[in-house]
Amino acid sequence: MPSASPFILRLLVTLAALVPAAALAQAGGDPVQTGPRGAVELAPLQLPASTAPVVSQPPVAPAGVAAPAASPLPVDPATSARPVVFGSQLFGGRFAQQAFSGFNPDYQIAVGDRISIRMWGAFAHESVQPVDPQGNVFIPNVGPVRVRGVRNGELDAHVAAQVKRTYRANVGVYASLEAAQPVKVYVTGFVRAPGLYSGLSSDSALAYLDRAGGIDPDRGSFLAVDVLRAAQRRARLNLYDFLLQGRIEALQLQDGDTIVAGPRRHTVRVGGEVLNPYVFEFERPRLAAAELLALARPRPGATHISIVRKVGADRRSEYHPLSALSEVLIEDGDEVTLNADKVPGTILVRIEGAHLGERTLVLPWGSTLRDALARIRPAPQAQLDAVQLFRSSVAQRQKELLESSLRSLETAALTARSATSEESALRSREAELVLQFIDRARSVQPRGQVVLARQAQAGDTLLEDGDLLRVPERSNTVLVSGEVVVPSALVYAPQASALDYVRQAGGFTQGADAARLLVVRMDGSVAEGGSEPLQPGDELMVLPRIETKRVEVTRGLTQILYQIAVSAKVLFGL
């Protein structure tokens, strides 16, 4: 192959550089610029203000205090998928972000503390003196006054006594601790982020634990937090005392002190009918159930305690009434659940409509419709043979059946195949209309009516808590709705047929299916429009005509329209 000329080679290199640059310029606009000698330069990308990413800035810690380690927000134990350890809600950054400078009478003055001194009378002086490395503050005309180791509650009297040695009369003295000494404390053991953390000597151990991310809930102990000084234990903190009773030892920390979170002890998981569904930690491997429930706090409705215990490879269960807790022991690793095993003693039934008595009946559990009807005081216009019963569980089941039918219809509308592009366009438009119909149908709320239908055994129907009984009023009208020109209520005529009522309502619309008429009676029963004569109070529904190219879609739409018409007394079409 003959060699290419240098001019052609330079041209090819230039094109190779310009083509991707041009493509990038078309895609993004400004970022591409052409530099000298045809080189492609990418200008800095400038994002619009509306799309510029927002970078969250970490909180700024106070001077002399280390920024807190990132800690998760407290988790609600009732909604968490994982068991939540009792005490883990302590550490979310709220202790780490606040320095404690309040008055602690037992605090001992240390090197570096700042003492505010005021003197008045024969000699006036006001200053803030730091405690020097020898433990003294210097007061003019008095000299050094040793204050290291003096209790904060005794500081004023101590300084006044030293000043009185020089000024025996006519000089008043007031001394107070202005600021505690900045210190650095080691936090280690079973915490999320062991390390060396800055703070004040007056800060509590909780603040340093919080700066270290808190105690690791999977490994650390909330019952054994040791404070060490020169490798000797100075104090042991039980954080449950702080959580439950608000008690915590006020410690004065020094540079080099170490806070150690020990390993987790024995734990028991509690759930069910309790106010505190947590994993609790205990010092002992076995404890009384009453001691555990004092922390978990059972709800008023709890009646029994369930214990699941793992013994080697076996899993054993126990079940005890709360009245026998004195004999029940809980062991390390148990899973405890409190249950409410109660048989309903009474039920509430709501009465609406033509009823003159109380609107809510309290009936024994197991009562029947006949029992409720015996306590009804019907109004003169009441029609007791058409009493309507509505039940929330039936409404929920009707909603589930409707949703199942809608999913089947949605599948049929979206999975059909087309042989030509024209057929594909028609089916796409048809599927769009069907999906709009499905969206509207999903918003329908069934009424949950139990059809009594004037049957002799209807009085034996068991009632449920929350049932609604509606006593309708007598009516001499027939309601015509659906695909008619003028939906209206018409006066009942004994000899009139369904078609007669449709004619009085203006006749069928163009979208009506004249062969499909539904009659929904006052008691909730359903009949075909031409099969039985109409009665006063009936509702005549004219269903819409379904026109699709597929049999399965037509069948699904028809079934759903019937379901909605019967369960919710609502009609709409495509």
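Go through region 452-484 residue by residue and tally those that are modelled with pLDDT of 85 or more and among the hydrophobic types (A, V, I, L, M, F, W, C).
Residues flagged as modelled with pLDDT of 85 or more and among the hydrophobic types (A, V, I, L, M, F, W, C) within region 452-484 amount to 9.
Is it the case that R247 is among the charged types (D, E, K, R) and farther than 21 Å from E331 by Cβ? Spell out the reasoning first.
Details: among the charged types (D, E, K, R): yes; farther than 21 Å from E331 by Cβ: yes.
Yes; evaluated as a whole, the condition is true for this residue.
Any idea how many residues of region 193-251 are part of a helix (DSSP H, G or I) and under 16 Å from Y278 (Cβ atoms)?
So in region 193-251, the residues part of a helix (DSSP H, G or I) come out as 205-211, 239-245.
In the following step, the residues that additionally are under 16 Å from Y278 (Cβ atoms) were identified as 239-240, 242-244.
Qualifying residue count for the region: 5.
Which condition does D334 not pass, out of (1) among the charged types (D, E, K, R); (2) within 30 Å of the chain's Cα centre (by Cα); (3) open to solvent by 60 Å² or more (accessible area, probe 1.4 Å), if it passes all the others?
All conditions pass for D334, except number (3).
Right, I376: open to solvent by less than 60 Å² (accessible area, probe 1.4 Å) and in a strand (DSSP E or B) or not? Don't jump to the end; show me each part of the working.
Numbers: open to solvent by less than 60 Å² (accessible area, probe 1.4 Å): yes; in a strand (DSSP E or B): no.
The answer is no for I376.
Matching residues to (1) crowded, with 17+ Cβ neighbours inside 10 Å; (2) more than 23 Å from R407 (Cα to Cα):
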| residue | (1), (2) |
| --- | --- |
| S428 | no, no |
| A441 | yes, no |
| Q445 | no, no |
| G448 | yes, no |
| L452 | yes, yes |
| Q457 | no, yes |
| G466 | no, yes |
| S475 | yes, yes |
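So which residues in region 264-289 are in contact with a Ser or Thr (Cβ under 7 Å, 6 or more places away or on another chain) and either over 19 Å from N238 (Cα atoms) or in a strand (DSSP E or B) (or both), if there are any at all? Break it down stepwise before answering.
Within region 264-289, the subset in contact with a Ser or Thr (Cβ under 7 Å, 6 or more places away or on another chain) is 264-265, 271-272, 279-281.
Listed by number, the residues that qualify are G271, G272, V279, F280, E281.
This table checks each residue for (1) exposed (fewer than 12 other Cβ atoms within 10 Å of the Cβ); (2) in contact with a Gly (Cβ under 8 Å, 6 or more places away or on another chain); (3) free of Cβ contacts under 8 Å to residues at least 40 places away in the same chain; (4) over 30 Å from A212 (Cβ atoms).
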position	(1), (2), (3), (4)
E281	no, yes, no, no
A296	no, no, no, no
H304	no, no, yes, yes
V308	no, no, yes, yes
A313	yes, no, yes, yes
R316	yes, no, yes, yes
S326	yes, no, yes, yes
A354	no, no, no, yes
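Grab the strands (runs of 3 or more DSSP E) fully contained in region 114-179, keeping just those with 1 or more residues being without any contact (Cβ under 8 Å) to a residue 40 or more places away in the chain and under 19 Å from S202 (Cα atoms).
On the way: elements: 114-121, 125-130, 136-139, 143-146, 171-179.
Ranges flagged: 125-130.
With the structure loaded, tell me whether R407 is part of a loop (DSSP other than H, G, I, E, B), surrounded by fewer than 18 Cβ atoms within 10 Å (Cβ to Cβ) and without any contact (Cβ under 8 Å) to a residue 24 or more places away in the chain or whether it fails that test.
It is false that R407 is part of a loop (DSSP other than H, G, I, E, B), surrounded by fewer than 18 Cβ atoms within 10 Å (Cβ to Cβ) and without any contact (Cβ under 8 Å) to a residue 24 or more places away in the chain.
Residue-by-condition table, conditions (1) touching a Pro at 6+ places or on another chain (Cβ under 6 Å); (2) among the β-branched types (V, I, T); (3) open to solvent by 60 Å² or more (accessible area, probe 1.4 Å):
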| residue | (1), (2), (3) |
| --- | --- |
| A110 | no, no, no |
| D132 | no, no, no |
| V145 | no, yes, no |
| R168 | no, no, yes |
| Y186 | no, no, yes |
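Could you list all residues from region 511-530 that are closer than 17 Å to S475 by Cα and open to solvent by 70 Å² or more (accessible area, probe 1.4 Å)? Walk me through how you get there before you give the answer.
Residues of region 511-530 that are closer than 17 Å to S475 by Cα, as a first pass: 519-525.
If the condition is that a residue be closer than 17 Å to S475 by Cα and open to solvent by 70 Å² or more (accessible area, probe 1.4 Å), then no residue fits.
Restricting attention to region 296-327, which residues are acidic (D, E) and assigned to a helix (DSSP H, G or I)? Break it down into steps so the answer makes sense when it comes.
If we filter region 296-327 for residues that are acidic (D, E), which is where we start, we get 314, 318, 327.
Within region 296-327, E327 is the sole residue that qualifies.
Within region 473-547, considering only strands (runs of 3 or more DSSP E) that don't extend past its boundaries, which have at least 2 residues that are touching a Phe, Trp or Tyr at 6+ places or on another chain (Cβ under 9 Å) and not β-branched (V, I, T)?
Values: elements: 477-482, 488-491, 512-520, 526-528, 539-544.
By residue number, 512-520, 539-544.
In region 188-204, how many are within 33 Å of the chain's Cα centre (by Cα) and surrounded by 24 or more Cβ atoms within 10 Å (Cβ to Cβ)?
Going through region 188-204, the residues within 33 Å of the chain's Cα centre (by Cα) turn out to be 189-194, 204.
Next, from what is left, pick out any that are surrounded by 24 or more Cβ atoms within 10 Å (Cβ to Cβ): 191.
Selection size over region 188-204: 1.
Take K342 and tell me if it is open to solvent by 70 Å² or more (accessible area, probe 1.4 Å) and not in a loop (DSSP other than H, G, I, E, B). Talk me through it step by step, then tell me what you get.
Numbers: open to solvent by 70 Å² or more (accessible area, probe 1.4 Å): yes; not in a loop (DSSP other than H, G, I, E, B): no.
In short, no.
What number of residues within region 495-510 are open to solvent by 30 Å² or more (accessible area, probe 1.4 Å) and in contact with a strand residue (DSSP E or B) (Cβ under 7 Å, 6 or more places away or on another chain)?
Qualifying residue count, region 495-510: 4.
The values are calculated or read from the model by the stated rules, or taken from the named source; none is laboratory data. Being a predicted model, the structure only gives us computed values, none of them experimental. Here the Cβ is made from the backbone with ideal geometry for all residues, glycine too, and neighbour counts use every protein chain on show. Ligands, DNA and RNA are stripped out before the accessible areas are found, and what is left, the full protein with its side chains, is counted by its heavy atoms. Shrake-Rupley method; radii C 1.70, N 1.55, O 1.52, S 1.80 Å.
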